[in-house]
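We did not get these values from a lab; they are worked out from the coordinates using the rules stated. Because the structure is a prediction, the values reported are computed rather than measured. Cβ: placed from backbone, ideal geometry, glycine included. Neighbour counts: every protein chain shown.
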Amino acid sequence: MSTIAAFYEGKSILITGATGFLGKVLMEKLFRTCPGLKVIYILVRPKAGHTLQQRVVQILNSKLFEKVKEVCPNVHEKIRAIKSDLNHSDLAISKEDMQELLSCTDIIFHCAATVRFDDHLRHAVQLNVIATQKLLLMASQMPKLKAFIHLSTAFSNCNLKHIDEVVYPCPVEPKKIIDSMEC
């Protein structure tokens with residue numbers, strides 16, 4: 001067993017953005033290489049005409065998950081879809097689901113974001129900034145949490161030729177951006 005697989009053995013993982021490209025690829029990689037993980041919670045926004053479970057089945061029926069289903073035929077039992085909407089200020093997670101996430105989550109992968117450049121600024125700030133803050137607040141209440149990983153797919157520090165493993169200063173205080181959206 002690899003050290004990575006050993007680390008994830010018995011762990012409960014929360015993934016935001018699991019219905020998007022990056023989230024699906026991450027989920028597939030985790031299931032394929034870490035068969036001993038306990039559960040992956042995925043935050044799923046309700047979609048007209050589809051239940052949460054139907055959306056999970058749709059993900060698992062994609063070509064991406066063919067190998068996973070060979071290695072882990074019970075993969076569907078290791079996914080727990082949680083109804084949520086990161087566009088809401090409280091993330092629209094039920095009290096029961098929130099309690100389960102707070103008490104059980106070991107690792108968070110935050111992959112949800114809008115990368116539409118024609119999106120309204122208010123929506124982009126809500127999803128990319130405020131929802132991230134809410135998830136960090138949630139994470140601070142998780143006694144078992146080992147890691148919070150924030151992934152971004154587009155234009156992180158795109159003005160730099162070389163990107164170091166550091167947190168770069170923000171040119172504008174996020175609070176100022178948030179406050180300007182509330183006017």
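In sequence order, the stretch 127-142 has phi-based couplings of 6, 8, 10, 5, 4, 5, 4, 4, 5, 5, 4, 4, 4, 5, 9, 9 Hz under the Karplus curve 6.51 cos²θ - 1.76 cosθ + 1.60, θ = phi - 60°, and Gly or Pro positions carry x. Put simply, when 163-176, 37-50 are sorted by average Cβ atoms within 10 angstrom per residue, most first, you get 37-50, 163-176. Alpha-carbon geometry of the chain: the Rg and the Dmax are 17.1, 54 Å, given in that order. Listed values for the stretch 161-177 are Karplus-derived 3J(HN,Hα) couplings in whole Hz (6.51 cos²θ - 1.76 cosθ + 1.60, θ = phi - 60°), namely 7, 10, 10, 8, 7, 9, 8, 7, x, 7, x, 10, 4, x, 4, 5, 5, and x replaces Gly and Pro.
With each run of n ≥ 4 DSSP H residues scored as -39500 (n - 2.57), what mean residue ellipticity at 222 nm is computed for the chain after dividing by its residue count and rounding to the nearest 500 deg cm²/dmol? Numbers along the way, then the final one.
Values: 8 runs with 66 residues, N = 183.
-10000 deg cm²/dmol, from helical runs alone.
Residues whose amide H comes within less than 5 Å of that of Arg80, counting only those at least five positions distant or on another chain, are Ile40, Tyr41, Ile42 (H built at 1.01 Å from N in the peptide plane). For the pair the stretch 134-183 and the stretch 77-97, the centres of their Cα atoms are 21 angstrom apart. Here's the list of aspartates and glutamates a cross-link from Lys63 could span, going by alpha-carbon distance under 20 Å and ignoring same-chain residues fewer than 8 apart: Glu28, Glu77.
Taking all pairs of distinct Cα atoms, average 1/r, flip it, and tell me the Kirkwood hydrodynamic radius of the stretch 9-110 in Å to one decimal place. Don't skip to the answer; put the middle values down first.
Details: mean 1/r = 0.0723 Å⁻¹.
Averaging 1/r across every pair of different Cα atoms and inverting gives 13.8 Å.
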